[in-house]
Amino acid sequence: MGDGPPSLWEWFGRNWDTGRADSIRTLLTDHVTMSLVPVVLALVVALPLGLACARWRWLYQPTSGLMNVVYALPSLPVFMLMISVTGLSQTTVIVPLAFYGVAVLIPAVVDGLDSVPDHVRQSAVAMGFTPLRRLLAVELPIAAPVVLAGLRVVAVSSISLVSVGALIGQGGLGGLFTRAYQNPFMPPVIVGIVLVVALALVADGLLVLAQRLLTPWVRARKEAAS
Amino acid sequence: MITFDAVTKRYPDGTVAVDDLSFEAPTGEITVLVGPSGCGKTTSLRMINRMIDASEGRILLDGVPVQGIDPPTLRRGIGYVIQQAGLFPHRKIVDNIATVPYLLGWDRKKARTRAMELLERVGLDPALAGRYPFQLSGGQQQRVGVARALAADPPVLLMDEPFSAVDPIVRTSLQDELLRLQSELNKTIVFVTHDIDEAIKLGDQVAVLRVGGRLAQLADPKTLLAEPADDFVREFLGHDRGIRRLQFVSTEGLRLRTDLTVPEGSEGGSPEPWLLVVDGDGRPVGWRAAARPGELEPYGTFVRGRDSMRAALDAALLSPSGCSVAVDEQGKVVGVATREALDEALAEAVHG
Ligand SMILES: Nc1ncnc2c1ncn2[C@@H]1O[C@H](COP(=O)(O)OP(=O)(O)O)[C@@H](O)[C@H]1O
Ligand SMILES: [Mg+2]
């Protein structure tokens, strides 16, 4: 090859693990952290809020209104704003992404609980479930498929959105794109896209797997319907 | 025994769903609440297990007011079956049935063993235990619903239109199954339906409710058909009240002729216009008309002593001979009820 520009593989091999902060390996782990943490946070926050909205209906309208506004905010200015609070840290990216996740998951939790047929809820009451036990053993498991579907959306969009953080220096694999912007050289862009897509596919695949394991009855239902 | 003592339910919007209702549901018997839609049947039923609390009056379970019992505890001691079965879609059939035992803290193995027992008891294949509710037919789901209600062996069973959503053939078999189970279990059952035929078939006593939640009549089915209390009840019972009364007239005393049967293959003249051909085991094969000895005509049977006059009459109407064939439990012919014999029995039923 001589002195020409390195091939894709060569470039990847050379930059995979340089020990520096911009090695591909480090960017990848950062990316995973910055997209995974918001998903978990979002679930932890959205679950009780969703339950509250389902329980006290009047809460739902204002909450979902507010959450839609949050969701509509463009991510870049929000990251910029966050800098003044959290500085140039991963938290600056994590917090807004967690909010986006909450905005998607609250309706998912409410819709999930709405998907519990009334006769099923009534019969749980009639069997002598206490309200808490009914929630944990009957309502949440039946709501799970809808919540998990929401979680898939959140996970994939979170993985994709992290890249934007590169513009404030915290974008995980997104860093590969900004680098190319400064210096038109294709391998980093290709590696970045491939890795982000692969990450999204893996995350989605894991959630689908979880769905199958946690809710085997959904598949039974689909088979019965066909 | 369940006692309704001047019970009234007024919903917050002012609807009076049940008005000053008093009656007793005796231990070990089926009491049916029947009436048009919206007359307060479901409300009455749900006040027993406190899914709804009465506004006035008391409901007593063996003398103890239910209002004083903590709802979850109360409910675990009362089986409940509803129209759509209300099975948990995310639980296998065996775990659905074991729901109340689990709630009562039985260990898993004992609860599942009990569930398997019940699965067979309600006439289901044990192989269904590992399936999910969606994989069962409506009738099967309903049976699971009954099994689930019986799992912890509660003395009381509440059933809210449990068989209304299944097709008529399945409904009949579920009703028969319930009666069979009840003859073994002797539960105190309160059964809600809007179908007067179902009420009459299943009830030891029937409470007819009118809209507004007031009791129109409480009587055993036979009395209800013979002596409706007022026009509302009469109308609700429908037009063929007379025919349905025959359901309660036994065929025990029906006069049977035994000289009208001939073995298969035999020929020869007889002064009778119709002869019943029977096979070597004594089972009916068909009617032979004297005018067309080469052909066999259809016949209808009833089990003597077990089936009612209604069945006997029905059997007669099924055959061009106009006679019905009395058989024993094994299906062997014991005699023939001719039109004259049916006529006599009907005349007696009208007067007796
Ligand atoms: N939660 C409720 N709030 C107000 N009215 C109700 C409520 N539930 C039932 N009702 C009314 O009470 C009456 C009796 O209802 P229900 O007991 O369900 O009748 P049924 O089971 O005989 O059809 C109906 O007029 C119904 O509209
Ligand atoms: Mg009802």
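If you count only protein heavy atoms and use a 1.4 Å probe, how large is the accessible surface of residue B:314, to the nearest 10 Å²?
Rounded to the nearest 10, the figure is 90 Å².
Between 0 and 90 degrees, rounded to the nearest ten: what's the tilt of helix A:24-55 against the longest Cα principal axis of chain A?
Roughly 20 degrees, rounded to the nearest 10.
How would you order B:28-35, B:259-266 from highest to lowest mean count of nearby Cβ atoms within 10 Å? Walk me through the numbers before you get to the answer.
Values: B:28-35: 22.9, B:259-266: 12.9.
So the peptides B:28-35, B:259-266, ranked by packing, come out B:28-35, B:259-266.
Give me the angle, in degrees from 0 to 90, between the Cα long axis of helix B:108-121 and the longest principal axis of the Cα atoms of chain B, rounded to the nearest 10.
Around 30 degrees separate the two axes.
How large is ³J(HN,Hα) for each residue in the range B:305-314, as worked out from phi by the Karplus curve 6.51 cos²θ - 1.76 cosθ + 1.60 (θ = phi - 60°), to whole Hz, x for Gly and Pro?
Coupling constants for the range B:305-314: x, 8, 7, 8, 4, 4, 5, 5, 5, 4 Hz.
On full extension of the chain, what length is gained from residue B:169 through residue B:230, given 0.36 nm per residue of separation minus the C-alpha to C-alpha distance?
The residue B:169-residue B:230 span can extend by a further 18.7 nm.
Check which residues have an amide H placed less than 5 Å from residue A:16's amide H, if you skip close sequence neighbours.
The list, which skips near neighbours in sequence, is A:24.
Given a cut-off of under 8 Å on Cα pairs at least six residues apart, what relative contact order in percent is computed for chain B? Intermediate results must be reported in sequence, preceding the final value.
Details: 694 pairs, mean separation 55.2, N = 352.
Across chain B, relative contact order equals 16 percent.
With θ set to phi - 60° and the Karplus curve 6.51 cos²θ - 1.76 cosθ + 1.60, what are the ³J(HN,Hα) couplings of the range B:145-155 in order, to the nearest whole Hz, using x for Gly and Pro?
Rounded to whole hertz, the list is x, 5, 4, 5, 5, 8, 4, 9, 6, x, x.
Would you tell me the accessible area of residue B:344, worked out with a 1.4 angstrom probe on the heavy atoms of the protein chains, in Å² to the nearest 10?
Per-residue accessible area (residue B:344): approximately 90 Å².
Got a sec? What order do B:292, A:212 fall in by accessible area at 1.4 Å, biggest, i.e. largest, first? Present the calculation step by step, with values, prior to reporting the outcome.
On the way: B:292 105, A:212 130 Å².
Ranked from most to least accessible, the order is A:212, B:292.
For the range B:147-231, give the percent of accessible area contributed by carbon and sulfur heavy atoms, probe 1.4 Å, rounded to a whole number. Don't skip to the answer; put the middle values down first.
Numbers: 1550 of 3110 Å².
Within the range B:147-231, the accessible surface is 50 percent carbon and sulfur.
Carbon and sulfur: what percent of the range A:19-218's accessible surface (1.4 Å probe)?
Values: 6910 of 9460 Å².
Percent of accessible area from carbon and sulfur atoms in the range A:19-218: 73.
Once you put a point 7 Å from the Cα of residue B:339 and another 7 Å from the Cα of residue B:197, both along the Cβ direction, what distance in nm separates them?
Using points 7 Å along Cα→Cβ, the separation is 2.7 nm.
Compute the long axis of helix A:140-162 from its Cα atoms, compare it with the longest principal axis of the Cα atoms of chain A, and write down the angle in degrees, 0 to 90, nearest 10.
20 degrees
Across peptide B:122-135, how many C-beta atoms of other chains are within 10 Å of each residue C-beta, on average?
Working: counts 0, 0, 0, 0, 0, 0, 0, 0, 0, 3, 8, 5, 8, 5.
Mean partner-chain Cβ count within 10 Å for B:122-135: 2.
Quick one: how many Å² of residue A:178 are accessible to a 1.4 Å probe, rounded to 10?
Looks like 40 Å² after rounding.
Evaluate the charge dipole of the protein assembly as shown about its Cα centre and quote only its size in Debye, nearest 20, assuming +1 on the Cβ of each Lys and Arg and -1 on the Cβ of each Asp and Glu.
On the way: 54 positive and 60 negative charges, 481 e Å.
Here the size comes out at about 2320 debye.
In the range B:29-116, carbon and sulfur make up what percent of the accessible area (probe 1.4 Å)? Can you show the working numbers first?
Working: 1580 of 3250 Å².
Of the solvent-accessible surface of the range B:29-116, carbon and sulfur hold 49 percent.
Roughly how much accessible area, to the nearest 100 Å², goes out of reach of solvent when B and A pair up, both sides summed, probe 1.4 Å? Don't jump to the answer; show the numbers that get you there.
On the way: alone 16690 and 12740 Å², together 27350 Å².
Summing both chains' loss of accessible area gives about 2100 Å².
Using a 1.4 Å probe, what is the accessible area per residue for the protein assembly as shown, in Å²?
Details: 27350 Å² over 578 residues.
Per-residue value: 47 Å².
Pop out the ³J(HN,Hα) list for the range B:3-14 in order, Karplus 6.51 cos²θ - 1.76 cosθ + 1.60 with θ = phi - 60°, rounded to Hz; leave Gly and Pro as x.
10, 9, 10, 6, 8, 10, 10, 10, 6, x, 7, x
Which whole-number percent of Cα pairs in the range B:2-248 have a distance greater than 27 Å?
The calculated P(r) of the range B:2-248 puts 36 percent of pairs beyond 27 Å.
Straight-line reach from residue B:41: which lysines have a Cα under 22 Å away, not including same-chain ones fewer than 8 places off?
B:9, B:187, B:201, B:222
As a check on your grasp of the helix formula, calculate [θ] at 222 nm for chain B: sum -39500 (n - 2.57) over DSSP H runs of n ≥ 4, divide by the residue count, round to the nearest 500. Can you show the working numbers first?
Values: 13 runs with 116 residues, N = 352.
That comes out to -9500 deg cm²/dmol.
Have a look at the range A:190-217 and report residues whose accessible surface goes down by 40 Å² or more when the remaining protein chains are included, against the chain on its own, probe 1.4 Å, ligands and DNA/RNA excluded.
A:217
The values are calculated or read from the model by the stated rules, or taken from the named source; none is laboratory data. This is a predicted model, so every value here is computed, not measured. We place every Cβ from the backbone using ideal geometry, glycine too, and count neighbours over all the protein chains shown. Side chains included, ligands, DNA and RNA excluded: accessible areas come from the protein's heavy atoms. Shrake-Rupley method; radii C 1.70, N 1.55, O 1.52, S 1.80 Å.
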